[in-house]
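Read the structure below first, then the notes.
The values are calculated or read from the model by the stated rules, or taken from the named source; none is laboratory data. Being a predicted model, the structure only gives us computed values, none of them experimental. Cβ atoms come from the backbone with ideal geometry, glycine included; neighbour counts cover every protein chain shown. These area figures cover heavy atoms from the full protein model, side chains too; ligands, DNA and RNA do not enter into them. Shrake-Rupley method; radii C 1.70, N 1.55, O 1.52, S 1.80 Å.
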Amino acid sequence: MAKWTVDLSHSSIDFQVKHMMVTKVKGTFDSFSANVVAESLEDLTDASISFDIDAAMINTKNVERDNHLKSGDFFDVDNFPSIKFQSTHITKSDEDYNLTGDLTIKDVKKPVTFKVRYNGKGTNPWGVDVYGFEGKTKINREEFGLTWNATLETGGVLVGKEIKISVAIEVNKA
């Protein structure tokens, strides 16, 4: 098995959630680390993949909202500074992979499955082979203890339950 390096300057972890039931708020985590161990990136079925996300580095382009998300109402970054993912099983489905693993937010660990697409291989200007992948999943934030909300006058809620998570990574041999 080989260790692969995730190029953080060409990778991202993003999310979106409904706001006031009429629009979406998008955000990203500006700091994370990742470990990929696999015989080959041409076939991920034997890979081990993990992410460690710095929850305090959440960025929705609104400082007040970001501070609220860091508070005890949501991520409680003083007590739970990391969001973690560790793969447990990977299967190939046509051109895509089903990457199943344990996602831990706060102290809640639950299995999630990312639909992962292999975007291909290229060689950068320095002669290094790089591989690209994109993954997507959805979670119910309340299942991870992120339950804060506010009822609107119109009968809806301020923050939707469903969170869409997108991961894009560029990987090369360590």
Just need a number here: residues in the range 123-139 that are open to solvent by 50 Å² or more (accessible area, probe 1.4 Å) and either under 17 Å from the mean Cα position of the chain (by Cα) or among the hydrophobic types (A, V, I, L, M, F, W, C) (or both).
-> 5
Taking the range 39-64 and keeping only residues that are at pLDDT 95 or above and either of a type in the set (A, V, I, L, M) or open to solvent by 70 Å² or more (accessible area, probe 1.4 Å) (or both), one is left with A47, I49, I53, A55, A56, M57, I58, K61, V63, E64
Considering only strands (runs of 3 or more DSSP E) fully contained in the range 54-154, which possess at least 3 residues that are of a type in the set (K, R)?
-> 108-123
Which one of the conditions (1) of a type outside the set (F, W, Y); (2) open to solvent by 60 Å² or more (accessible area, probe 1.4 Å); (3) more than 23 Å from T60 (Cβ to Cβ); (4) at pLDDT below 95 does G120 fail to meet, given that it meets all the rest?
-> (2)
Among the residues of the range 68-76, is there at least one that is exposed (fewer than 15 other Cβ atoms within 10 Å of the Cβ) and touching a Leu at 6+ places or on another chain (Cβ under 9 Å)?
-> yes
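Inspect all residues belonging to the range 144-158 and state whether any of them is under 18 Å from A55 (Cα atoms) and in contact with a strand residue (DSSP E or B) (Cβ under 6 Å, 6 or more places away or on another chain). I'd like the intermediate steps shown before the answer.
If we filter the range 144-158 for residues that are under 18 Å from A55 (Cα atoms), which is where we start, we get 144-148.
Cutting the leftovers down to in contact with a strand residue (DSSP E or B) (Cβ under 6 Å, 6 or more places away or on another chain) gives us 144-145.
Yes, that holds for at least one residue.
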By residue number, the members of the range 6-24 that are assigned to a strand (DSSP E or B) and not polar (S, T, N, Q) are V6, I13, D14, F15, V17, K18, H19, K24
Applying the selection to the range 101-117, what residues are open to solvent by 40 Å² or more (accessible area, probe 1.4 Å) and over 25 Å from D78 (Cα atoms)?
-> T113, K115, R117
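Might you check whether a residue that is in a strand (DSSP E or B) and over 25 Å from G132 (Cβ atoms) occurs anywhere in the range 25-36?
Yes, the range 25-36 has at least one match.
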